[in-house]
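Bear in mind that the values in this text are calculations on the coordinates, not laboratory data. Predicted model only: the values in this text are computed from it and were never measured. We place every Cβ from the backbone using ideal geometry, glycine too, and count neighbours over all the protein chains shown.
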Amino acid sequence: MKEKKENPVLMRVDGVLSDLGAAAGATGRLEPVYAEHADALHVFRHSCAHLLAHAVVELFPGTQYGVGPAIDTGFYYDFLTNNPFTPEDLEKICRRMAHLVKQNLAIRREVLSKQEALDIFTQRGQLLKVELIHEKVEGETVTVYRQGDFIDLCRGPHLPSTGLLANFKLLSVAAAYWKGDESSHSMQRIYGVVFPTREQLDSHLRFLSEAKARDHRKLGKDLDLFSIQNEIGAGLVLWHPRGGVIRNEIENYWREEHLRCGYELLYTPHIARGELWETSGHKGFYSENMFTPIEFDNTEYQLKPMNCPFHLVIFKSRTRSWRELPLRWAELGTVYRYERSGVLHGLLRVRGFTQDDAHIFCSRDQILDEVKELIRFSLNILKTFGFTDLDVFLSTRPENFVGEPEEWEMATNALEQALRESNVAFTVDPGEGVFYGPKIDIKVKDVLKRSWQCSTIQVDFNLPRRFDLRYTNESGQIERPIMIHRALLGSLERFFGVLIENYGGYFPVWLAPVQAMVIPINDRNTAYAGQVQQEMVRRGIRARLENRSEGMGRKIRDAEMEKIPYILILGDEEEKQQNVSLRIHRRGDQGKMALEELIQSIHTAIKEKTFA
């Protein structure tokens, strides 16, 4: 085996990542970790967060540095400062960070007494760190890291020196609240990325550029699909007409497929009496995500955060028999959850959204078949939208759970067997089930290979027990049904955001708000163009007539900017021959075609939901 030329940047001691310095005196099993190792990237990010804080406090004396974690997309650090950071400030910070990299400062781990640490940070005016020591440190010692004159409270591990951090980039500044508490300090959060090599950094920056171009918030505005406006409220989505067309198509497809697969559709209110949420347990377990109750007629009502309790009450509304099971009930139900303003993000994190909910009530011996069908159904729906690259997880019993262990074992085995019999590769996620039962999560990967949570299948023992659901079995005995929660798309809002970014705004024909644009070359061709447009509309195609007094080039360019799939150019020759000149978005001119042939072609693309 060829010997490595570079030095390790970390060490694994008995399987645990450690600094090189801390590992020097260790007596356990030692394994070197090099910069290219996947688990070194998290440490690169964490060390670069410290480098960022070091540069900021040197450039802006008096700034307090709060927390600076590594995250999946890079790192950030939160600062308490009198003035917001400007783009010019970021440039200065980058230059100072590069200077600190060139100095190749050693990053040293030290263990201090709790009082020593308090004294150091107090003397430096870092009162946020003092607060963290009081809150987080339970013992009598504190671990800190030093590089030059900079010191930070941290458990580590870290790289051996700042010289390894040359390949970084600061990306943006955002507002944040100290500890996520809106009543606390308003912080400045600086985001950045870092990689072991320049090639990795450049590749990631190209990815970020493509992701920025696909940002659903930008495209949502450019294509006039949706908006979120202060007059309405943060996290509350306004679907514009063009976005409404897409939502309607998604909903129609969703309903058709559910009816085809034996589901019945439910509709439930947006509010309910407070007692319902006490029975369901939401008031006890979920109250921080629920809006303030509304009171009228001396009764407390609550905006619904979930659809489940309504479905349970419908099940309980009359006597049920084993002959009715399984009951498959589905609802596009709008729910309301209080999310802190700091985590709201376009369509991906909102306060009011429509879940594509379904609940299956079945007997224990029906769980396997129902879950297998749910897996098939979920994969088919996702494939229709173009998602075939998936990650599937089986989440098992957490430490805090309700129900009997044998119930959990039975349900977990059923989920695992269903996945295996469905030939679906999966990863076990130990202890990540919800408190009421195990679950299957399906995450889709978009064209940029980003992972998005979509479908979930959850077995629930808890709610049927809390609502005392019963049915009569074949022997005339009373039994309690099993409840399976299931969402395929997650929420329409979030799924729409994912679709916008996955497609880059280029929606397939069946979803496109405008499927065809009809453009007359001259005013004398407008009547013929109008006839063509009306015939397409009559035949179920969303066609629009473009008869503005603009040049042809401008009209075609605007249609391309709107990402309209089919552009029909009609002049004297087309009118004489009663055909059309066809231009397909991103493919250019296709030549002349008979209108009937084009309509049939569009109908085929719509029916088959193709992506061409």
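Tell me whether the stretch 88-105 contains one or more residues that are within 29 Å of the chain's Cα centre (by Cα), over 16 Å from Met187 (Cα atoms) and surrounded by 18 or more Cβ atoms within 10 Å (Cβ to Cβ). Within the stretch 88-105, not a single residue is within 29 Å of the chain's Cα centre (by Cα), over 16 Å from Met187 (Cα atoms) and surrounded by 18 or more Cβ atoms within 10 Å (Cβ to Cβ). Considering only residues in the stretch 522-558 that are within 25 Å of Arg242 (Cβ to Cβ) and hydroxyl-bearing (Ser, Thr, Tyr), the one that is surrounded by the most Cβ atoms within 10 Å (Cβ to Cβ) turns out to be Thr526.
Hey, any hits in the stretch 433-444 for a residue that's of a type in the set (Ser, Thr, Tyr), surrounded by fewer than 18 Cβ atoms within 10 Å (Cβ to Cβ), touching a Leu at 6+ places or on another chain (Cβ under 9 Å) and touching a residue at least 24 places away in the same chain (Cβ under 8 Å)? The answer is no, given that none of the residues of the stretch 433-444 is of a type in the set (Ser, Thr, Tyr), surrounded by fewer than 18 Cβ atoms within 10 Å (Cβ to Cβ), touching a Leu at 6+ places or on another chain (Cβ under 9 Å) and touching a residue at least 24 places away in the same chain (Cβ under 8 Å). Of all the residues in the stretch 316-354, those that are over 18 Å from Ile367 (Cα atoms), among the hydrophobic types (A, V, I, L, M, F, W, C) and not in a loop (DSSP other than H, G, I, E, B) number 4. One residue stands out among those in the stretch 106-142 that are more than 23 Å from Leu80 (Cβ to Cβ) and either among the basic types (Lys, Arg) or in contact with a Cys (Cβ under 6 Å, 6 or more places away or on another chain) (or both): the one that is surrounded by the fewest Cβ atoms within 10 Å (Cβ to Cβ), which is Arg108. Hey, among the residues in the stretch 446-465 that are of a type in the set (A, V, I, L, M) and surrounded by 16 or more Cβ atoms within 10 Å (Cβ to Cβ), which one's farthest from Thr73 (Cα to Cα)? Going through the qualifying residues, I end up with Leu463. Scanning the stretch 249-272 for residues that are in a helix (DSSP H, G or I), surrounded by 12 or more Cβ atoms within 10 Å (Cβ to Cβ) and not hydrophobic (A, V, I, L, M, F, W, C) gives Glu249, Glu251, Tyr253, Arg255, Glu257, His258.
Within the stretch 278-315, the residues that satisfy the criterion of being among the hydroxyl-bearing types (Ser, Thr, Tyr), without any contact (Cβ under 8 Å) to a residue 40 or more places away in the chain and farther than 13 Å from Val335 by Cβ are Ser287, Thr292, Thr299, Tyr301.
Do we have any residue at all in the stretch 281-290 that's touching a helix residue (DSSP H, G or I) at 6+ places or on another chain (Cβ under 7 Å) and not in a helix (DSSP H, G or I)? Before the answer, list the steps.
We begin by selecting, within the stretch 281-290, every residue touching a helix residue (DSSP H, G or I) at 6+ places or on another chain (Cβ under 7 Å); these are 281, 283, 290.
Filter again for not in a helix (DSSP H, G or I), leaving 281, 290.
Yes: the stretch 281-290 contains one or more residues that are touching a helix residue (DSSP H, G or I) at 6+ places or on another chain (Cβ under 7 Å) and not in a helix (DSSP H, G or I).
Out of the residues in the stretch 559-592 that are surrounded by fewer than 18 Cβ atoms within 10 Å (Cβ to Cβ) and acidic (Asp, Glu), which is nearest to Phe611 (Cα to Cα)? Restricting to residues being surrounded by fewer than 18 Cβ atoms within 10 Å (Cβ to Cβ) and acidic (Asp, Glu), the top hit is Glu560.
If you go through the stretch 252-304 and keep only what is among the β-branched types (Val, Ile, Thr) and under 21 Å from Phe315 (Cα atoms), you end up with Thr268, Ile271, Thr279.
Selection of the stretch 49-75 for residues being in a strand (DSSP E or B), surrounded by 23 or more Cβ atoms within 10 Å (Cβ to Cβ) and either out of contact with any strand residue (DSSP E or B) (no Cβ under 6 Å at 6 or more places or on another chain) or hydroxyl-bearing (Ser, Thr, Tyr) (or both) yields only Tyr65. If you go through the stretch 280-313 and pick out every residue that is surrounded by fewer than 17 Cβ atoms within 10 Å (Cβ to Cβ) and over 27 Å from the mean Cα position of the chain (by Cα), you end up with 9. Checked against (1) surrounded by fewer than 17 Cβ atoms within 10 Å (Cβ to Cβ); (2) in contact (Cβ under 8 Å) with a residue 12 or more places away in the chain; (3) over 26 Å from the mean Cα position of the chain (by Cα); (4) not in a loop (DSSP other than H, G, I, E, B), Glu275 passes all but a single condition, namely (2).
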